[in-house]
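Read through the structure below, which is laid out as structure tokens, and then see the notes.
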Amino acid sequence: MAANNLRKGKGHGRGGEGAWLLSAETGPLLQESPVGSPVRGAAGRQSSEAPGHSLPAGRAQALGACLSVQQVLGEQHDLCTPPCLAFSLQIFINNEWHDAVSKKTFPTINPATGEVICQVAEGDKADVDRAVQAAKAAFQLGSPWRRMDASQRGKLLNRLADLIERDRAYLAALETLDNGKPYAISYLVDLDMVVKCLRYFAGWSDKFHGKTIPLDGDFFCYTRHEPVGVCGQIIPAGFPPGVVNIIPGYGPTAGAAISSHMDIDKVAFTGSTEVGHLIQKAAAESNLKRVTLELGGKSPNIIMSDADMDWAVDQAHFALFFNQGQCCCAGSRTYVQEDVYNEFVERSVEKAKARVVGNPFDFKTEQGPQVDEEQFKKILGYISTGQREGAKLLCGGNPAADRGYFIQPTVFGDVQDNMTIAREEIFGPVMQILKFKTIEEVIERANDSKYGLAAAVFTKDLDKANFVSQSLRAGTVWINCYDVFGAQAPFGGYKASGNGRELGEYGLEAYVEVKNVTIKIPQKNS
């Protein structure tokens, strides 16, 4: 199984508060995923334009869902005001809600206003121990979970997907209130991927099986795929008691307890490379538990001179600014061939200035606040560093409101590879545009990074695209597109961006042990 810092569903787990979950093996269900008054865009004005990268039909669907929430809450409820939502503040262990053993709580903050939404139970080692014992009991031979047909486990996952679809608007509102991303994105992207992942892996429940192997001699040999055991994994959660246990808490306490626990068989973490190092070390120093890490990135996005410029500008903007720039795979190093560099920069700046920053519950909003004050200040610090080191600030660069954690969409030109903003993960709405001459040059520069999570190339020449994709050291390479994901396709990184893969058939491999069984038989007939 796996352990992960949810960080309130805010993309990277940065060592702060989060929800940690322990369960008996259910398979990888999910990966990695606020309100204030409207604020000014990067150009210092209110914008009434619809988002540039949008799905009109989907937005209508999301608006309809939001209206259904409005009807439940009352016709007078303003869609641009955070709804009053009820949710549990306790820890979920063995199918029961509990206070933390320590009785401690921590605040969760609305990043659009800086105000406290609520206090949540703060789990620590004592709560992790309780959850581990519940998960171990659920995994014992003869337990309801172990005796359940694989197809029935798949039905449970599909039932969970049904419930999420039923409450999709409600869950999207919670995510936006807590995370700050526009409601349309929470509804159309995040919750959609949750449901698709659950249904995809539900289908695998009775299809991921072993093989027979023809050995020399009178032997019958086969393999079994057996669950790896107890994991800490970020997932939504009837499953039998102990199969799913959810522990909100901090990384240095709840997270560390999971990583070093002797009775946990696998840890899966999505977050920063720094925390990934700590988790891998703790796993090695405890029981050598399996570790799957999906960590940071500084992904190159390469724009060739023959690219469709309209599409390339649109996709490069989306690649960087989606989710307020808080994506591990953001296209945060935009390499543009020199003969189209000036045009690309000019059009990218225009697009950034037109980006609508504001209330995430307003359907005109394209960009909400950053996830918390710490990240807000960190991003502004990187912007200052970029200016100090000689990069040209072309737009943005400042807070976008007098409250909350909003930052203007920011674009830097004349960026050099040795600059801090070109080497470190900013995790915010800061676009860095670099110039290159030849394919060979840009491949070498793109690979000159400690990260290797994702990359992209935009060109009309597929031979050129294939050459570049084969040369880049990255776990995912997109050609003439960006941020295209599916529950069916694996995702993970090279180098300091992590190890292992999530999603797809490859994602299942980390969650099973392959057992070889060999039987001496009187006579083989093959």
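Among the residues of the range 352-370, those that are within 17 Å of residue 318 (Cα to Cα) and charged (D, E, K, R) comprise 353, 355, 364, 366. Looking only at residues in the range 130-157 that are loosely packed, with under 15 Cβ neighbours inside 10 Å and among the polar types (S, T, N, Q), the one that is farthest from the chain's Cα centre (by Cα) is 140.
In the range 382-405, the residues that are assigned by TED's automatic domain parsing to the domain that holds residue 434 form Cβ pairs under 8 Å with partners that are surrounded by 17 or more Cβ atoms within 10 Å (Cβ to Cβ) and hydroxyl-bearing (Ser, Thr, Tyr), at six or more places apart or across chains, as follows: 383/410; 393/410; 395/410; 396/410; 397/410; 403/113; 404/113.
Checking the structure you have, find out if any residue of the range 437-451 is of a type in the set (Phe, Trp, Tyr) and closer than 30 Å to residue 210 by Cα. Checking the range 437-451: not a single residue is of a type in the set (Phe, Trp, Tyr) and closer than 30 Å to residue 210 by Cα. Residues in the range 383-405 that are under 27 Å from residue 175 (Cα atoms) and at pLDDT 95 or above: 396, 397, 398, 399, 400, 404, 405. Of the residues making up the range 323-370, those that are under 18 Å from residue 187 (Cβ atoms) and in contact with a strand residue (DSSP E or B) (Cβ under 6 Å, 6 or more places away or on another chain) are 324, 367. Close contacts from the range 323-349, counting a first residue that is assigned by TED's automatic domain parsing to the domain that holds residue 359 and on the phi > 0 side of the Ramachandran plot and a second that is surrounded by 24 or more Cβ atoms within 10 Å (Cβ to Cβ) and part of a helix (DSSP H, G or I), with Cβ to Cβ under 8 Å and a gap of 6+ residues or different chains, come to 323/185.
Here are the criteria: (1) within 16 Å of residue 321 (Cα to Cα); (2) crowded, with 24+ Cβ neighbours inside 10 Å; (3) not aliphatic (A, V, I, L, M). Tell me which single one residue 361 does not satisfy. Checking residue 361 against (1) within 16 Å of residue 321 (Cα to Cα); (2) crowded, with 24+ Cβ neighbours inside 10 Å; (3) not aliphatic (A, V, I, L, M), the one that fails is (1).
Condition check ((1) part of a strand (DSSP E or B); (2) more than 23 Å from residue 120 (Cα to Cα); (3) of a type in the set (Val, Ile, Thr)) across all residues:
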site: 221; (1), (2), (3): yes, yes, no
site: 224; (1), (2), (3): yes, yes, no
site: 239; (1), (2), (3): no, yes, no
site: 245; (1), (2), (3): yes, no, no
site: 249; (1), (2), (3): yes, no, no
site: 263; (1), (2), (3): no, yes, no
site: 276; (1), (2), (3): no, yes, no
site: 284; (1), (2), (3): no, yes, no
site: 288; (1), (2), (3): no, yes, no
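The residues listed here are 172, 126; of these, the one that is part of a helix (DSSP H, G or I), surrounded by fewer than 17 Cβ atoms within 10 Å (Cβ to Cβ) and of a type in the set (Gly, Ala, Ser) is 126.
Being among the small types (Gly, Ala, Ser) and either at positive phi or in contact with a Pro (Cβ under 6 Å, 6 or more places away or on another chain) (or both) is the filter here, so list the residues in the range 97-120 that pass it. Once the filter is applied, which keeps residues that are among the small types (Gly, Ala, Ser) and either at positive phi or in contact with a Pro (Cβ under 6 Å, 6 or more places away or on another chain) (or both), the range 97-120 yields 112, 114. Listed here are the strands (runs of 3 or more DSSP E) enclosed by the range 424-525 that have at least 2 residues being of a type in the set (Lys, Arg): 512-520.
Examine the range 294-301 for a residue that is within 19 Å of residue 422 (Cβ to Cβ) and among the polar types (S, T, N, Q), and state whether such a residue exists. Within the range 294-301, one or more residues are within 19 Å of residue 422 (Cβ to Cβ) and among the polar types (S, T, N, Q).
Does at least one position in the range 237-253 carry a residue that is closer than 30 Å to residue 478 by Cα, small (Gly, Ala, Ser) and surrounded by 23 or more Cβ atoms within 10 Å (Cβ to Cβ)? So far as the range 237-253 goes, no, none of its residues is closer than 30 Å to residue 478 by Cα, small (Gly, Ala, Ser) and surrounded by 23 or more Cβ atoms within 10 Å (Cβ to Cβ). Please tell me if residue 205 is touching a Gly at 6+ places or on another chain (Cβ under 7 Å), surrounded by 16 or more Cβ atoms within 10 Å (Cβ to Cβ), modelled with pLDDT of 90 or more and under 29 Å from residue 131 (Cα atoms). Answer is yes for this residue.
Within the range 237-290, can you find the residues that are closer than 22 Å to residue 104 by Cβ and aromatic (Phe, Trp, Tyr)? Scanning the range 237-290 gives a single hit, 250. Is it the case that residue 509 is modelled with pLDDT under 95, closer than 23 Å to residue 191 by Cβ and not assigned by TED's automatic domain parsing to the domain that holds residue 317? No: the conditions fail for residue 509.
Which residues, taken from the range 384-411, are assigned to a helix (DSSP H, G or I) and either touching a Ser or Thr at 6+ places or on another chain (Cβ under 6 Å) or surrounded by fewer than 19 Cβ atoms within 10 Å (Cβ to Cβ) (or both)?
Scanning the range 384-411 gives 384, 385, 387, 388.
Would it be correct to say that residue 377 is under 27 Å from residue 179 (Cα atoms) and outside any helix (DSSP H, G or I)? Judged against the criteria, residue 377 is not a match.
Close Cβ contacts (under 7 Å, 6 or more residues apart or on different chains) running from residues in the range 141-160 that are in the same structural domain as residue 242 (by TED's automatic domain parsing) to residues that are acidic (Asp, Glu) comprise 150/206; 151/206; 154/206.
The values are calculated or read from the model by the stated rules, or taken from the named source; none is laboratory data. Values in this document were obtained by computation on a predicted structure and should not be read as measured data. For neighbour counting, all protein chains shown are included, and Cβ atoms are generated from backbone atoms with ideal geometry for every residue, glycine included.
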